[in-house]
Amino acid sequence: MARVTTPVQKTLSAIHRGAFGLWSTYLDWKNVRAENRRLRDENQRLRVDALAVSETAEENQRLRRMLDLKARLPLNTLTGEIIAREWGGWVRSLTVNRGRADDVRRLTAVISPDGLVGRVVDVRPGAAVVQVLTDPTSTVGAHAVRTRTPGVVEGEPRGTIRFKYMARDGSALQAGDLVVTSGLGGLFPRGIPVGRVRAIDDRGSALFSFATLEPAVNFAKIDEVLLLTGDRMEDVTAYFPTGG
């Protein structure tokens, strides 16, 4: 016997099919959202893992460079870690986790594999404050490697450093020239990179000329340093990179 379907039954059946289809679509949408959320979380986790691996590799490379320099230098050195920075638009000073208990003294020279950081100006029981080259009261005897031009590297109020030299001695100085410590004064050994000439301020007939330097060390990012704890003042030019 054939089943008779009334218009009402047809309408109810269509509504039922529509509701079922709508529910299925909603479930599919929820599943897609859940899967997208899972994929986003997984992607974020992978990014974090990759960043951690990258940071670990960078840290290992930094430490290898530091330990290699320490092993090769003909000087007494002490490794230290930067634990604080004083900011004032730029880095004014660094605090290292070595102090009186480690026999660190005031005016101890502080370096990195890239070059000169500065000198210790305050010693505490377990820490020391390092005046960096950009401090306006910082001065370092230096010379340009290529031209042998002697002069003084000074910190400036705007957080940069400049090379001050006799105008008659620096006519051949040019952008890119490397400036290193001169060793004069007995505070810093000769040959530690200080910076590279970025621009030259030629003041015509003035007695002195000035060259703006790009510091060899990034004071905002440095994490480890070497403190020169001995009295030996040998020429260390050969132990640092001098290429452009």
Worksheet item: Does any residue of the stretch 191-200 turn out to be assigned by TED's automatic domain parsing to the domain that holds Tyr165, surrounded by fewer than 16 Cβ atoms within 10 Å (Cβ to Cβ), under 18 Å from the mean Cα position of the chain (by Cα) and of a type in the set (A, V, I, L, M, F, W, C)?
Response: no
Response to the item:
Here the residues within the stretch 152-172 that are surrounded by 15 or more Cβ atoms within 10 Å (Cβ to Cβ) and in contact (Cβ under 8 Å) with a residue 24 or more places away in the chain are Val153, Gly159, Thr160, Ile161, Arg162, Phe163, Lys164, Tyr165, Ala167, Gly170
Worksheet entry | Any chance Arg196 is within 20 Å of Ser93 (Cα to Cα), assigned to a strand (DSSP E or B) and at pLDDT 95 or above | no
Worksheet item: Between residues in the stretch 113-136 that are closer than 21 Å to Leu69 by Cβ and in the same structural domain as Leu227 (by TED's automatic domain parsing) and residues that are of a type in the set (Phe, Trp, Tyr) and part of a loop (DSSP other than H, G, I, E, B), which pairs lie under 6 Å by C-beta distance while being six or more apart or on different chains?
Response: Val132/Phe219
Worksheet, complete the sentence: When Gly176 is run through (1) surrounded by fewer than 17 Cβ atoms within 10 Å (Cβ to Cβ); (2) within 20 Å of the chain's Cα centre (by Cα), the failure sits at (2)
Item to complete: Within the stretch 90-111, track down each residue that is in a strand (DSSP E or B) and closer than 16 Å to Glu224 by Cβ.
Response: Val91, Leu94, Thr95, Val96, Ala109, Val110, Ile111
Fill in: Residues (at pLDDT below 90 and either within 15 Å of Met66 (Cα to Cα) or of a type outside the set (D, E, K, R) (or both)) located in the stretch 210-244
Gly230, Met233, Pro241, Thr242, Gly243, Gly244
Practice prompt. Among the candidates Leu173, Leu187, single out the residue that is part of a loop (DSSP other than H, G, I, E, B), in contact with a Ser or Thr (Cβ under 6 Å, 6 or more places away or on another chain) and assigned by TED's automatic domain parsing to the domain that holds Leu116.
Written response: Leu173
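The values are calculated or read from the model by the stated rules, or taken from the named source; none is laboratory data. Quantities reported herein were computed from a predicted structural model and do not represent experimental measurements. Backbone-built Cβ (ideal geometry, glycine too); neighbour counts: all protein chains shown.
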